[in-house]
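Engineer: I'd like to ask you about the structure that follows.
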Amino acid sequence: MKSLFSIVVVLTAAVCGSGQPGPRLLGQSGSAAAQTPTVAKPVPKADDDCGCEAKTPSDALALVNGIKISPKDVDESIKGQIDELEKQVIQARKHELDLEINTRLLEAEAKKRGITSSTLLEREVVSKVKRATDEEASAFYEQNKAALQQSYKDLKESIITYLTNQRQQAEADKLANSLRSSYSVKVFVEAPTPPAKPEDRDRVFASVNGENITSAKIEEDMLPFIFNVQMEVYKLRRSALDLRINDSLLEKEAQNRKITTRALLDAEVGGKIKKITEPDARDFYEKNKDKIHGDYAQYKDKIINYLGQLEEQKAESAFADVLRKSAKIEVYLKEPVPPVLSISTDDRPSRGKVDAPVTIIEFTDYQCPSCGALHPIVEQLVGEYPPEKLRLVIRDFPLDRHENAFKAAEASEAAREQGKYWEYIDILFRNQNALSVDKLKEYAGQIGLDRAKFDAALDSGKYTELVKRDLNDGSRLGIDSTPTVFINGRKFTGEKNHDSLKATIDSLLKDSEKKGG
């Protein structure tokens, strides 16, 4: 089910699914209203500055046997990709200002009508749009089949959601234009720019009904998106750096043997590359034919060539690993540190004390296999620490592509109402392929819930708004997949296994003890 607040994003000119930061909770308007609105002066920075650069070593990203690899050596091969990501941040900042304006307009209109913003969007946007049909989805697939990488069966629901969202966007544009003409909206900049110095954060970009929108507000709401971009840039740089290190080691080894790099690879790798046979190609085709638009004979040579390249890369990588073991390599490129975000835990299922020094907040989807795999790990961790040390909070983030996930989230809230949330979600995670409404009700009976009360809550949509609130907050935090875990406000970017999570918890507990001592 689509998050109503994702329609607030639609109220901007942003394209759905662009990954830009989501909206804020209603009622979180800034405290800048007491300021006098003045046109924000441009900061002395380049027009194409994104304000999203992570700190990287300026001199060397790595040393390989004492030889420096500079940022220039690495960035030349990925410059186009980095430039594109930075452009996305510049554009996202423009959209963020529009988004903040529209969010405040929605708040004002909803207050005027005596309803919530979600109800307003439901009435004025969602209820006026018909869901795209199977026939329309099929026609879209046929028109775009060459660019799509999956079968119609796999993409059908996503296409229907996309087409429906496009219609909602058109309807939302009408609402946005109507609201802007009905309220006092003043925009003081053509495009918001990042602050060059702390005082630039006080610049006023716009006002809605006399309430100012400052640079500080926009930058605060951009934090999740900017971090995601920094991570993408880091991954690009790390991959390019690893290739550059391998090349350096190959060149050095070739020099030592007084042969060319090509001759070295032929000698050490050539004889170790697996020869691709027709059965290999046929097997690959059969496993991927839903994504290949053509018959086997048409693609046989391309498949053999592709698989051969993979085997060559695998053999070269294995040889590079051998060279690395005898080399002295120092890498100075560091993964960016996630910002500390403010995440509400009010009225959410939790275990552990509110004042515990470590809090894990997990955004989950009961139909998501990865969430199901993480659930017992988190349960184990909770059991390993006393409640005064570790707190766990669960929030819902049912994905559109999981047709039963939203209703399952509502059902979990209906179970929580009767004091058996944790027992109920254990059943949900054990039965992820059987989450129809009938099954959700059946599971309630298995743990002794009052079925009449549970069924009434589920059928009436009693907890729909609560699940939507979690979706809204998740969008604001830049979440686009599940499970997403935050520990003490920082997005956890490591492997979601027991040892990695425990290491982070132990480190934070140790820091807390030092501060307390």
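Bear in mind that the values in this text are calculations on the coordinates, not laboratory data. Small disclaimer: the values here were computed from a predicted structure and weren't measured. Cβ placement follows ideal geometry from the backbone for every residue including glycine, while neighbour counts extend to all protein chains displayed.
Engineer: Determine the percent antiparallel among the DSSP beta bridges restricted to segment 268-396, to the nearest 5. Mind showing how you got there, number by number?
Structural biologist: Numbers: 2 of 9 bridges.
Restricted to segment 268-396, the bridges split so that about 20 percent are antiparallel.
Engineer: Taking the beta-carbon count within 10 Å as an exposure proxy, list CYS371, CYS50 from fewest neighbours to most.
Structural biologist: Ordered by Cβ neighbours within 10 Å, fewest first: CYS50, CYS371.
Engineer: What number, in percent, do you get for the relative contact order of segment 350-511 if the mean sequence gap of Cα pairs under 8 Å and at least 6 apart is divided by its residue count?
Structural biologist: After rounding, I find 33 percent.
Engineer: Normalised by the empirical 2.2 N^0.38 Å for globular proteins, what value does the Cα Rg of segment 235-326 take?
Structural biologist: 1.36
Engineer: For segment 350-511, list log₁₀ I(q)/I(0) at each q in 0.14 Å⁻¹, using the Debye formula over Cα point scatterers of equal strength and ignoring solvent, two decimals each.
Structural biologist: With no solvent term, the Cα-only Debye profile gives -0.70.
Engineer: Which aspartates and glutamates have a Cα lying under 16 Å from the Cα of LYS302, excluding residues fewer than 8 positions away in the same chain?
Structural biologist: Straight-line reach from LYS302, under 16 Å: GLU278, ASP280, ASP283, GLU286, GLU311, GLU312.
Engineer: Could I ask something else about it? Round to the nearest 0.05 the FRET efficiency obtained for LYS186 and ILE115 when R0 = 30 Å and r is the Cβ-Cβ distance.
Structural biologist: For R0 = 30 Å, the calculated efficiency reads 0.70.
Engineer: Using a simple spin-label model with points 7 Å from Cα along the Cα→Cβ vector, what separation in nm is obtained for LEU148 and SER127?
Structural biologist: Roughly 3.2 nm, to one decimal.
Engineer: To continue, here is another question. Need one word for segment 65-218: rounded, prolate or oblate. Basis is the Cα gyration tensor (sqrt eigenvalues a ≥ b ≥ c); a/c below 1.5 gives rounded, then a/b vs b/c decides.
Structural biologist: Judged from the Cα gyration tensor, segment 65-218 comes out oblate (a/c at least 1.5, b/c at or above a/b).
Engineer: With respect to the cross-link table entries LYS235/LYS491; LYS275/LYS314; LYS87/LYS291; LYS112/LYS174; LYS145/LYS300, which display a Cα-Cα separation exceeding 24 Å?
Structural biologist: Beyond 24 Å: LYS87/LYS291.
Engineer: I need to check one value: relative contact order of the chain, counting alpha carbon pairs closer than 8 Å and at least 6 residues apart, in percent.
Structural biologist: Value for the chain: 20 percent.
Engineer: Taking the 0 to 90 degree range and rounding to the nearest ten, how far is the long axis of helix 451-460 tilted relative to the main principal axis of the chain, both from C-alpha atoms?
Structural biologist: 80 degrees
Engineer: Sorted from fewest to most neighbouring beta carbons within 10 Å, what does the list VAL340, VAL204 look like?
Structural biologist: Taking fewest neighbouring Cβ atoms as first place, the list is VAL340, VAL204.
Engineer: Calculate, in whole percent, how much of the Cα-Cα pair population of segment 142-207 lies beyond 14 Å.
Structural biologist: That fraction is 75 percent.
Engineer: Tally the DSSP beta bridges in segment 350-511 and give the antiparallel ones as a percent, rounded to 5.
Structural biologist: 55 percent
Engineer: Among DSSP beta bridges lying fully in the chain, give the percent that are antiparallel, nearest 5.
Structural biologist: Once the DSSP bridges in the chain are tallied, antiparallel ones form about 75 percent.
Engineer: I would also like to ask the following. For segment 177-192, in order, what is each residue's ³J(HN,Hα) by Karplus, 6.51 cos²θ - 1.76 cosθ + 1.60 with θ = phi - 60°, in whole Hz (x at glycine and Pro)?
Structural biologist: Along segment 177-192, the couplings run 4, 5, 5, 5, 7, 9, 10, 7, 10, 10, 10, 9, 9, 6, 8, x Hz.
Engineer: Students often get this wrong, so check it: of LYS156/LYS468; LYS353/LYS515; LYS94/LYS130; LYS468/LYS502, which have C-alpha atoms separated by over 21 Å?
Structural biologist: LYS156/LYS468; LYS94/LYS130; LYS468/LYS502
Engineer: Do the sum for the chain: with -39,500 (n - 2.57) for every DSSP H run of n ≥ 4, divided by all residues, what is the mean residue ellipticity at 222 nm, to the nearest 500 deg cm²/dmol?
Structural biologist: The helix-only estimate for the chain comes to -18000 deg cm²/dmol at 222 nm.
Engineer: At what distance in nm do the modelled label points of ALA373 and GLN255 sit from each other, each positioned 7 Å from its Cα along Cα→Cβ?
Structural biologist: 4.3 nm
Engineer: In what sequence do TYR385, TYR366, TYR183 fall when counting other Cβ within 10 Å, fewest first?
Structural biologist: Lowest to highest Cβ neighbour count: TYR183, TYR385, TYR366.
Engineer: Here's something else I'd like to know. Largest first, please: the extent of the C-alpha atoms of the chain along each principal axis, to the nearest Å.
Structural biologist: Taking max minus min along each principal axis of the Cα atoms, the chain gives 81, 63, 61 Å.
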